[in-house]
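The values are calculated or read from the model by the stated rules, or taken from the named source; none is laboratory data. Since we're looking at a predicted model, the values are computed, not measured. Because the Cβ atoms are built from the backbone with ideal geometry, glycine has one as well, and the counts that use them run over all protein chains shown.
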Amino acid sequence: MGATAGNSGQWQLGRRPALDGVRALAIIAVLGVHLSTILVPTLNGALFVGGVIGVDMFFVLSGFLITSLLIEEHQRSGRISLGSFWRRRALRLFPALYVLMAAQLLYTVLMHDPLGYALKGDGLIAAYTSNWAWTFGWPIPFGLDNTWSLGVEEQFYLLWPLVLMLLLRSRRGWAVPVLAIPAAVAGAAFRWHLVLTSGSWIKPISETSDHLDTLMIGALLAWALHAGWRPPWWAARLLAWPAIGFLAWVTQTTAPELGRYGLVYTVSGLATALVILGTLEPKGLAYRVLALRPLRWIGRLSYSLYLWHVLLFEAIERARPTSNPWARGVVGFGLAFVLACASYYGVERPFLALKDRRRAPEPRVRGEAPVALPLAD
């Protein structure tokens, strides 16, 4: 299996351009579901019905990438610098989010919306608790509902490095799966419970515990690779395609027999892990397709696309510049990329340069260009 190895022969993450392609698939699913539900109602219930699953694809990627980087830091130095990790996360995530919040406040003033309500909601978003705010009906400013997933991510970034550091210090190789597997099962079971008892579609997707399964699936994959496990090369190459097909099917249909109990998230998380394995096999077709430049570019824009698209779509729908929903959809989709480019090239990349200034060079996979992975460093 194509892998970067350090001096000790251990598996290393390195730079994996095809992972940006996986991120592109995830953001396309999310853009699709919001395009159909906000701007083009004729598509609602027809296309991208299960596009929300793209968020959990991001969670699997986060679990995989963050766990890989933390394990590799521990292998290099025997420790994990939590301060450095959280500093990198802050430089990676905060600036683009704060620019979005500032733009939303300006929109609030121009539209004469209640400023106090927006400021309260911004405080919850800045504290990365908007997922709990959404759960309990606390203020969420206009167009920023999607920040719930950022709350889940940031809470994971806060707690998982602490837990992983303690597990790695124990020097027991089985400590990580012994904790992560029950956590994943508990997360899936808790979501199932909420689907059956809460009577709300919000709670089963907004609470951090609801996504422990997909976060831990990614973390377990990273641990297994660093612990020496390797799938057969043919399995890594071939299983990626049925997994991609399953994710495409779920995105378009969300099978009722799975979605009713929330199991679609767990199964989709496992499918995403298979796709990630496919991207780690450089000679495979899945790798070559997902490493195509257009997909890699969309993947690099994915964070800014995710931040801006809901506010933009809802502002367009509110303004109704045309009565044709398809025209609104085309304009919204195009402007989403314009704003994402402005955010990525004008805000994200300058702060990424600051973040990387003190960081030691990482090993690279032979033949691959060093492409930034938005959630990988």
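Of all residues in the stretch 14-71, those being at pLDDT below 95, polar (S, T, N, Q) and either closer than 18 Å to residue 301 by Cα or touching a Phe, Trp or Tyr at 6+ places or on another chain (Cβ under 6 Å) (or both) number 1. All of (1) closer than 23 Å to residue 80 by Cβ; (2) at pLDDT 90 or above hold for residue 171 with one exception: (2).
List the helices (runs of 4 or more DSSP H) inside the stretch 229-304, counting only whole elements, that have at least 1 residues being at pLDDT 85 or above and under 22 Å from residue 15 (Cα atoms). Where helices (runs of 4 or more DSSP H) fall fully within the stretch 229-304 and carry at least 1 residues being at pLDDT 85 or above and under 22 Å from residue 15 (Cα atoms), they are 233-238, 240-253, 263-279, 285-290. Among the residues of the stretch 97-115, is there at least one that is of a type in the set (Gly, Ala, Ser) and in contact with a helix residue (DSSP H, G or I) (Cβ under 7 Å, 6 or more places away or on another chain)? No, every residue in the stretch 97-115 fails to be of a type in the set (Gly, Ala, Ser) and in contact with a helix residue (DSSP H, G or I) (Cβ under 7 Å, 6 or more places away or on another chain). The single condition among (1) part of a loop (DSSP other than H, G, I, E, B); (2) crowded, with 17+ Cβ neighbours inside 10 Å that residue 113 does not meet is (2).
If the condition is being surrounded by fewer than 24 Cβ atoms within 10 Å (Cβ to Cβ) and either over 23 Å from residue 96 (Cβ atoms) or touching a Gly at 6+ places or on another chain (Cβ under 9 Å) (or both), then the stretch 295-305 contributes 295, 296, 298. Restricting the stretch 131-146 to residues that are assigned to a helix (DSSP H, G or I) and free of Cβ contacts under 8 Å to residues at least 60 places away in the same chain, which is surrounded by the fewest Cβ atoms within 10 Å (Cβ to Cβ)? Looking at residues that are assigned to a helix (DSSP H, G or I) and free of Cβ contacts under 8 Å to residues at least 60 places away in the same chain, I get 136. Residues in the stretch 150-180 that are touching a Phe, Trp or Tyr at 6+ places or on another chain (Cβ under 6 Å) and more than 24 Å from residue 129 (Cβ to Cβ): 176 alone. For the stretch 147-190, enumerate the residues that are more than 17 Å from the chain's Cα centre (by Cα), aromatic (Phe, Trp, Tyr) and assigned to a helix (DSSP H, G or I). Matches in the stretch 147-190: 190 only.
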